[in-house]
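> Got a structure here, written out as structure tokens. Questions coming.
The values are calculated or read from the model by the stated rules, or taken from the named source; none is laboratory data. As the structure is a computational prediction, the values presented were derived from the model and not from experiment. Cβ coordinates were reconstructed from backbone atoms using ideal geometry, including for glycine residues, and neighbour counts include every protein chain displayed.
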Ligand code: G6P
């Protein structure tokens, strides 16, 4: 998704902006650009399609330098990924704007501005912002007031960085729906879509609230709320360092993040377990009172986080007997739905800024839920701030667009929720105690799965030249198959579908032949015999099976079946273990295909627009 970085300083901001853009690359983008006010007070712009590196070369070539500037990575929504559509957008060489979000009423505004003589040079919704602000500047308003008046015309979601040729000492920032953060320096200030982009220059941040307009000068900042009143927003010190977003010894962020899972899972468990269960109050003050009343659970999420929710629904119903519904947030938010009795609303999101998940949470607040719980990886995110209870995953920053360690830590956090609910809903103490032991053993088991890297790489060779793949699983391993198929399509662009194994004969079996590899998640549990029949159905049709199991002996390994053993753990928790080989399988397949693993085409890390 689009990323914003802006700076006002006493030093040259151009290198700060380029480094900030590099650090926003992980969000997904197709073009980039910057405007810097040069020493003569002119707004100088460079834009380029493709990677930030291409922009960096252009900027180096043109010698762009100055102490005030804004920059942007664009993920096309309105108008194709071309140079003329790349941000910043200008009005009359006087106003420059970068924008994350969508101005939904841009067509009407564009028609109006055109009729009044403004010229448009792009197909974007953003250009109306620049002209609308210019319109108010021409009426004699200063930049802050012009921005304030202009934003009253916009509907939709937007985070903006705005500068004016006439006001070399001000950078204006606006937040409405899309994330925007201020970075505080000494004699310099910054704005960005996330703190990663500013970590090389500061660790002190102010999170803007919806409706806020901020005025940044070199040595001061001021924030006005939606009513135009000056407000103080708290300053947050981050413990993250600039190095947190480095690939280290790994070739890709995704591989690094896959290998970080034992540590990330251990940190998500840290400080939350007692010998016989989960500590009380891990979801915040007042949470135990709410959990005690829960009779049902509604989970909302998108993408990989939705798959985590699906796994949790098997746990919540299977272990606690509580009805649990899971729905993708983009569907939930636009349909009338019946609220289950005494229902806990759970949202799951790595970023905490996914537009559909946030909108679904906000809409559900109108309904009769007992309370809302956010399971999230970013403590300062909108989702966390707007929920009644919070259970943080401690995965650390996830940069690869394809989510890996965020997913496994979400599963761990959801299991902690199950144990917390279990305390009030009849989970036997001995069972809880055994789960605690199994949870503590997870990091070591994950290390063992990571040691399968080389055999999984060999399996990938049988996948890389195929155009389609089927993934099968049963029970809570079916969502793991869904997640495996999602990973494969995201980063290798191989068409992959997941089915509950029992559904094979109701359609997908028609697709099975020697060119359709079938990947199976097959722990040795009460469903294994059923699953074996499904495998025979594939084998009988010449299909090639790749099976991940904790009991190779039960399944065998021959020409038609390649089985790989993962460490045996409690069946409920084995969903977490079985996730990792599928991540590695996708990774190695993508490497063999030569795709852009960390930034797959057309995808974004943090989807802050609908
Ligand atoms: C995007 C990302 C996915 C992620 C989904 C939900 O599609 O590419 O990896 O699962 O958004 O994101 P969230 O931050 O809400 O978990």
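Per-residue answers, yes or no, for (1) assigned to a loop (DSSP other than H, G, I, E, B); (2) more than 15 Å from the ligand (Cβ to nearest atom); (3) more than 30 Å from residue 490 (Cβ to Cβ):
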residue: 397; (1), (2), (3): yes, no, no
residue: 409; (1), (2), (3): no, no, no
residue: 420; (1), (2), (3): no, yes, yes
residue: 423; (1), (2), (3): no, yes, yes
residue: 432; (1), (2), (3): no, yes, yes
residue: 435; (1), (2), (3): no, yes, yes
residue: 443; (1), (2), (3): no, yes, no
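> If I filter region 368-388 for residues that are within 14 Å of the ligand (Cβ to nearest atom), under 15 Å from residue 299 (Cβ atoms) and in a helix (DSSP H, G or I), do I get at least one hit?
yes
> Could you tell me which numbered condition residue 227 fails, if it satisfies all but one of (1) part of a helix (DSSP H, G or I); (2) away from the ligand (no atom under 16 Å from the Cβ)?
Answer for residue 227: the failing condition is (1).
> Quick check: is even one residue across region 51-68 in a loop (DSSP other than H, G, I, E, B), at pLDDT 95 or above, in contact with a strand residue (DSSP E or B) (Cβ under 9 Å, 6 or more places away or on another chain) and over 20 Å from residue 190 (Cβ atoms)?
No: region 51-68 contains no residue that is in a loop (DSSP other than H, G, I, E, B), at pLDDT 95 or above, in contact with a strand residue (DSSP E or B) (Cβ under 9 Å, 6 or more places away or on another chain) and over 20 Å from residue 190 (Cβ atoms).
> To continue, here is another question. If a residue has to be within 16 Å of the ligand (Cβ to nearest atom) and either part of a strand (DSSP E or B) or in contact with a helix residue (DSSP H, G or I) (Cβ under 8 Å, 6 or more places away or on another chain) (or both) to count, how many in region 313-331 make the cut?
Total satisfying the criteria: 5.
> Being assigned to a helix (DSSP H, G or I), in contact with a helix residue (DSSP H, G or I) (Cβ under 7 Å, 6 or more places away or on another chain) and under 23 Å from residue 415 (Cβ atoms) is the filter here; which residues of region 473-500 pass it?
475, 476, 477, 479, 480, 482, 483, 484, 486, 487
> Just to check your reading of the model, which residue among 383, 345, 391 is over 18 Å from the mean Cα position of the chain (by Cα), buried (at least 19 other Cβ atoms within 10 Å of the Cβ) and on the phi < 0 side of the Ramachandran plot?
Unique residue meeting the criteria: 345.
> Go through (1) within 26 Å of residue 484 (Cα to Cα); (2) within 15 Å of the ligand (Cβ to nearest atom); (3) out of contact with any helix residue (DSSP H, G or I) (no Cβ under 6 Å at 6 or more places or on another chain) for residue 307 and report which single condition fails.
Tallying (1) within 26 Å of residue 484 (Cα to Cα); (2) within 15 Å of the ligand (Cβ to nearest atom); (3) out of contact with any helix residue (DSSP H, G or I) (no Cβ under 6 Å at 6 or more places or on another chain), residue 307 fails exactly one: (3).
> Return yes or no: is residue 86 crowded, with 20+ Cβ neighbours inside 10 Å and touching a helix residue (DSSP H, G or I) at 6+ places or on another chain (Cβ under 7 Å)?
Judged against the criteria, residue 86 is not a match.
> OK, next. Name the one entry in 331, 327, 289 that is over 17 Å from residue 367 (Cα atoms) and surrounded by fewer than 19 Cβ atoms within 10 Å (Cβ to Cβ).
One residue alone meets the criteria, 289.
> Anything in region 527-562 that is in contact (Cβ under 8 Å) with a residue 24 or more places away in the chain, outside any helix (DSSP H, G or I) and farther than 15 Å from residue 578 by Cα? List them, or say none.
Listed by number, the residues that qualify are 527, 541, 542, 543, 544, 545, 561, 562.
> So, one more: Which of the residues spanning region 34-50 are touching a residue at least 60 places away in the same chain (Cβ under 8 Å) and either touching a strand residue (DSSP E or B) at 6+ places or on another chain (Cβ under 9 Å) or in a strand (DSSP E or B) (or both)?
Result: 35, 37, 43.
> Of all residues in region 332-353, which are within 16 Å of the ligand (Cβ to nearest atom), in contact with a helix residue (DSSP H, G or I) (Cβ under 7 Å, 6 or more places away or on another chain) and in a loop (DSSP other than H, G, I, E, B)?
Answer for region 332-353, where residues must be within 16 Å of the ligand (Cβ to nearest atom), in contact with a helix residue (DSSP H, G or I) (Cβ under 7 Å, 6 or more places away or on another chain) and in a loop (DSSP other than H, G, I, E, B): 333, 350, 352, 353.
> Looking only at region 51-75, how many residues end up being in contact (Cβ under 8 Å) with a residue 60 or more places away in the chain and in contact with a helix residue (DSSP H, G or I) (Cβ under 6 Å, 6 or more places away or on another chain)?
3
> Among the listed residues 357, 403, identify the single one that is within 11 Å of the ligand (Cβ to nearest atom), under 26 Å from residue 318 (Cβ atoms) and either at pLDDT below 90 or in a loop (DSSP other than H, G, I, E, B) (or both).
Exactly one residue qualifies, and that residue is 403.
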